[in-house]
1. Can you list residue pairs whose Cβ atoms sit under 6 Å apart, with the first residue in region 40-69 being within 25 Å of Ile80 (Cα to Cα) and the second being open to solvent by 70 Å² or more (accessible area, probe 1.4 Å) and in a helix (DSSP H, G or I)? Count only pairs 6 or more apart in sequence or on different chains.
2. Is one or more of the residues making up region 48-60 within 24 Å of the chain's Cα centre (by Cα), surrounded by 14 or more Cβ atoms within 10 Å (Cβ to Cβ) and at pLDDT 90 or above?
3. Among the residues of region 44-65, are any small (Gly, Ala, Ser) and closer than 24 Å to Phe33 by Cβ?
Amino acid sequence: MPWSRISGSVSSPQVDVVIDMGNPFLNLAVDGFLKIGTVAATRALAEDTFHIVRKGSVSSNDFEKTLKKMCKEGAYWGAIGGVYVGTEYGVERIRGTRDWLRVLPKDHSVPFIF
């Protein structure tokens, strides 16, 4: 059974949380999910805070709506970020290189269409 380990560090201005799932693919996918999901949830919070301040009154319904929106946006964009990071890792592993500059074959048999 795989084990996981969580460690964190704080250094200005970067905050890193590392979750060791025992597999590099899973490590990167979970890391992408957490980072992008946190950004999306923070964006939803800032947006709703702006609307509440602009409206001028705060209610428990507004707080509940904001919390639901944060969870929904964080999960949605976090999943997309995790899939993207996992796909990028898989492509890099298959190709054996990290660059995206030389994707076309060397004989340039594929025409460029712009």
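The values are calculated or read from the model by the stated rules, or taken from the named source; none is laboratory data. Given the structure is predicted, the values throughout are model-derived calculations rather than measurements. All Cβ positions, even for glycine, are placed from backbone atoms using ideal geometry, and neighbour counts span all protein chains on display. The protein model used for the area step is the full one, side chains on, heavy atoms only, and it has no ligands, DNA or RNA in it. Shrake-Rupley method; radii C 1.70, N 1.55, O 1.52, S 1.80 Å.
1. Ala40/Trp77
2. Initial filter on region 48-60 (within 24 Å of the chain's Cα centre (by Cα)): 48-50.
Cutting the leftovers down to surrounded by 14 or more Cβ atoms within 10 Å (Cβ to Cβ) gives us 48.
When the remaining residues are screened for being at pLDDT 90 or above, the result is 48.
Yes, region 48-60 contains at least one residue that is within 24 Å of the chain's Cα centre (by Cα), surrounded by 14 or more Cβ atoms within 10 Å (Cβ to Cβ) and at pLDDT 90 or above.
3. Yes, that holds for at least one residue.
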